[in-house]
Amino acid sequence: MTDQAVSVPRRESSVLRFARGLALIRESWVGSVGLAIIVFWALVAIFADVLAPFPPNATGAPMTLPGGPSLDGSMIHYLGTDQLGRDILSRIIFGSRQVLFYAPLATFCAYLVGIPMGLAAGYRRGLTDDVLSFFANVILSFPVLVLYILIIATIGASGSNIVIAVTFASAPGIMRIVRGLVLDLRNREYVFAAETRGETPWRIMLVEILPNARGPLIVDACLRLGYVVITIGTLGFLGLGLPPPDPDWGGMVSETRQFAMFMPHMAIYPCIAISSLVLGFNLLADGLREVSMRD
Amino acid sequence: MLIFMARRFGTMVLTMLVVSILVFLFLEINVEGVAIKVLGPYSSQEQRQIWLEANGYNDAAVWRYLRWLGNFVIGDFGQSVRFKVPVSEVLWPRLANTGILGGIALFFASLIGLTLGVIAGMREGGGRDRAVSVTSILTTSVPEFASATFLISIFVFQLQLLPGTSGMAEGFDLEQLILPVMVLVIYDFGYIARMTRASMAEVMTTHYIRTAILKGLPYGQVIRQHALRNALIAPFTVIMLQINWLLSGVIVVEWAFGYKGFGALLYEASLNQDIYLIEACAMVAVFVAVMTQTLADIGYTYLNPRIRFS
């Protein structure tokens, strides 16, 4: 009976609110372009089987120039073939699956580790903060790429190890950002109210504080996604990426780089692909920041 | 000030200690890998054991660590298994090479970044501001290895103007430095430009700038004499902290162009589990990181007298 007494304005479903938040990005053309690029690559990854003219590891005439015919003359290699005669366009299309699977997964794992650390450090302060902050400083005092190379070179190159390395190297940075946000939010009235109600610390951190810190974190996640894409590409370029023969953009550059002096097309197209995806994430982050600053 | 420096020094030593222990423990995961790397994948189990025994790898890890630490403190960095010479013999020349490459890159990145940032921040939201913002997002989105590929295909393949590698086989050659420097500058100037722009835009909204404009000073003079001094304080810190980022970029660039520097050395050492070389490189990296941060803090208080050490 009593729950009928107070009239609470009906809250829209969370799906609808999310969609509405997403629609806000239309207000910034930079963000819209970014989102469009990401959606484009996502669609390419999903429909790779349909879009790719050749299987990713099928071989034909090696080092065909862009637009050249396939071996039996029935099809065209729009972006040419690589040193083993594999169609570059098809490999880029299939390579987008790798990047778009591992980059979000790795970023997600990094947040899964970094957020609780940051919440604990910022909310509990004291010894927890000192210890966590010291270790974050230790890891961050290392050039990031050195950390990746050290980890991957020791535990071996594979998709899951890239996720582990990214988590290990990014979690401290995320922790620092979350900690900074929490230090500000923990002095708000609603947090005091929750403390007075006797809510447990973790409930306060996760239910009261974290949702209010989401704005800057979403922008940061976007930037970080772009950076993780760069990292995966760079590791592939250094020969520490996803194992061959499955296509991986960084790996494609690394395999064909030695021919770049006379046949640059083999390395250039994967480079354009990876740069455009990173650009998409960075533009989206910029657009989100612009929109969130406006209101 | 002295207390501040002493505390920073203490933190640095502590950080280096923890990093060195972590690196050591990390490479403990696979000690036999070292023997495989040295003797080759087709060496027998006994050969590897003999090699490990002869080089002291079978002692307890604690002893090996303490022995390394003791030697490190007195300046003996140990022997590199990859290059088969004392670590310091390869480390210092490589570090000097990277210093040249990084120094030139940082100079140009700062110059371009500061200039563009000031131009963009003078009128927030204007046409130039938008152009600079989009340009800086664009250039920071291109990974170093990708811009290296683009530049090689333009300047080496199409125009045939520049050499595509920077091995410096016949002595030092400035021409071979152009492409590596360009790659680093392209990737790094955007961030500096964005930070400068934010700082400049903030200064332009202050009351004293408004006063200066309203009392009829020429716009150029307001920018040069009133705005710049305050607007360049924050970017100074950014540039100092950029050095740490540069170290990551340097690895890719040196590897891509075959430049014999610190980054390529570190990469090779990591691939070969060359533990003493990795430790020495890690110590250098941490030292650089903490030093640049300390310099940034000291410089910041010098440039901005309102901030004091607490």
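The values are calculated or read from the model by the stated rules, or taken from the named source; none is laboratory data. What you are looking at is a predicted structure, and each value in this text was computed from that prediction instead of being measured. Because the Cβ atoms are built from the backbone with ideal geometry, glycine has one as well, and the counts that use them run over all protein chains shown.
Couple of notes before you dig in:
- Some residue of segment A:280-294 being crowded, with 22+ Cβ neighbours inside 10 Å, within 30 Å of A:Leu84 (Cβ to Cβ) and at pLDDT 90 or above: yes
- Cβ pairs under 6 Å, 6+ apart, first in segment A:275-289 and within 12 Å of B:Ser133 (Cα to Cα), second part of a helix (DSSP H, G or I) and not β-branched (Val, Ile, Thr): A:Asn282/A:Gly226; A:Asn282/B:Ser141; A:Leu283/A:Gly34; A:Gly287/A:Gly31; A:Gly287/A:Gly34
- Residue that is farthest from the other protein chains (Cβ to nearest Cβ) [pool: residues in segment B:287-310 that are aliphatic (A, V, I, L, M) and surrounded by fewer than 22 Cβ atoms within 10 Å (Cβ to Cβ)]: B:Leu303
- Restricted to segment B:65-81, and to residues there that are within 17 Å of B:Glu28 (Cα to Cα) and free of Cβ contacts under 8 Å to residues at least 40 places away in the same chain, the residue that is surrounded by the fewest Cβ atoms within 10 Å (Cβ to Cβ) is B:Leu66.
- Scan of segment B:16-61 for residues that are part of a helix (DSSP H, G or I) and of a type in the set (Phe, Trp, Tyr), ordered by number: B:Phe24, B:Phe26, B:Trp51
- Pairs, first on the phi > 0 side of the Ramachandran plot in segment B:170-196, second part of a helix (DSSP H, G or I) and surrounded by 18 or more Cβ atoms within 10 Å (Cβ to Cβ), C-beta under 6 Å, six or more apart: none
- Checking B:Ile278, B:Ile251 one by one, the residue that is free of Cβ contacts under 8 Å to residues at least 24 places away in the same chain and under 30 Å from A:Val253 (Cα atoms) is B:Ile251 and no other.
- Subset of segment A:250-272 (residues that are more than 9 Å from every other protein chain (Cβ to nearest Cβ) and in contact with a Phe, Trp or Tyr (Cβ under 9 Å, 6 or more places away or on another chain)): A:Gly251, A:Met252, A:Met266
- Helices (runs of 4 or more DSSP H) lying entirely in segment B:190-275 (those with 2 or more residues that are of a type outside the set (Ser, Thr, Tyr), within 11 Å of another protein chain (Cβ to nearest Cβ) and buried (at least 17 other Cβ atoms within 10 Å of the Cβ)): B:233-257, B:262-271
- Condition check for A:Gly280: touching a Phe, Trp or Tyr at 6+ places or on another chain (Cβ under 6 Å), at the interface with another protein chain (Cβ under 9 Å from one of its Cβ atoms) and not in a loop (DSSP other than H, G, I, E, B): no
- Single unsatisfied condition, B:Arg130 versus (1) more than 23 Å from A:Val278 (Cα to Cα); (2) within 14 Å of chain A (Cβ to nearest Cβ); (3) among the charged types (D, E, K, R): (1)
- Restricting segment B:137-163 to residues that are at the interface with chain A (Cβ under 7 Å from one of its Cβ atoms) and out of contact with any Gly (no Cβ under 9 Å at 6 or more places or on another chain), the residue that is modelled with the highest pLDDT: B:Val142
- Filter result (within 16 Å of B:Leu277 (Cβ to Cβ), of a type in the set (Val, Ile, Thr) and within 14 Å of another protein chain (Cβ to nearest Cβ)) within segment B:32-74: B:Val34
- Filtered residues of segment B:6-31 (kept if under 13 Å from B:Gln273 (Cβ atoms) and without any contact (Cβ under 8 Å) to a residue 12 or more places away in the chain): B:Phe26, B:Ile29
- Boolean, B:Arg123 is farther than 19 Å from B:Leu174 by Cβ and away from chain A (no Cβ under 14 Å): yes
- Answer residue from segment A:103-151, given it is within 11 Å of chain B (Cβ to nearest Cβ) and among the polar types (S, T, N, Q) and is nearest to B:Phe24 (Cα to Cα) among those: A:Ser141
- Boolean, B:Gly102 is away from chain A (no Cβ under 14 Å), modelled with pLDDT of 90 or more and part of a helix (DSSP H, G or I): no
- On inspection, A:Thr107 fails the criterion of being buried (at least 17 other Cβ atoms within 10 Å of the Cβ), β-branched (Val, Ile, Thr) and in a loop (DSSP other than H, G, I, E, B).
- Residues of segment A:220-255 satisfying the condition of being surrounded by fewer than 24 Cβ atoms within 10 Å (Cβ to Cβ), hydroxyl-bearing (Ser, Thr, Tyr) and touching a Gly at 6+ places or on another chain (Cβ under 7 Å): none
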